1. Working from the pairwise distances between different alpha carbons, so that the mean of 1/r is found and then inverted, what is segment 3-93's Kirkwood radius in Å?
2. My understanding is that a pair violates if its Cα-Cα distance is over 20 Å; which of Lys7/Lys44; Lys7/Lys35; Lys6/Lys48; Lys11/Lys35; Lys13/Lys35 do that in this structure?
Amino acid sequence: MSDEEKKEYEKLKSLLYTGTISQYGKRKLIDMFEKQQKEIEELKDESKEYQIGFAQGCYEKDLDWKDKIKAKIEEVKDGTYDAKIVLQSLLQKE
């Protein structure tokens, strides 16, 4: 809500308390409430998108770890590395 809208809202709110608000003022308040509700819904949608993106990033990072571990296991199976050295290298890299 802009500064101008906030001032108008406060003025209309004070008129509500005195009972002297016009039909136009009532309509204006309703419009403000609807606008705020729409903004809230948009923020909820943005938040959901952010959460989905964050979860997807964590999942992809988890997949990276799994791929690295699988590759190291294959190296151990091939006999090219000692298992202790492989595990230590994984811990040091991350």
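Each reported figure results from applying straightforward, stated rules to the coordinates on display, with no laboratory input. These numbers come from a predicted model, not from an experiment.
1. Working: mean 1/r = 0.0537 Å⁻¹.
Computed over segment 3-93, the radius equals 18.6 Å.
2. Working: Lys7/Lys44 26 Å; Lys7/Lys35 16 Å; Lys6/Lys48 28 Å; Lys11/Lys35 18 Å; Lys13/Lys35 16 Å.
Violating the 20 Å limit, Cα to Cα: Lys7/Lys44; Lys6/Lys48.
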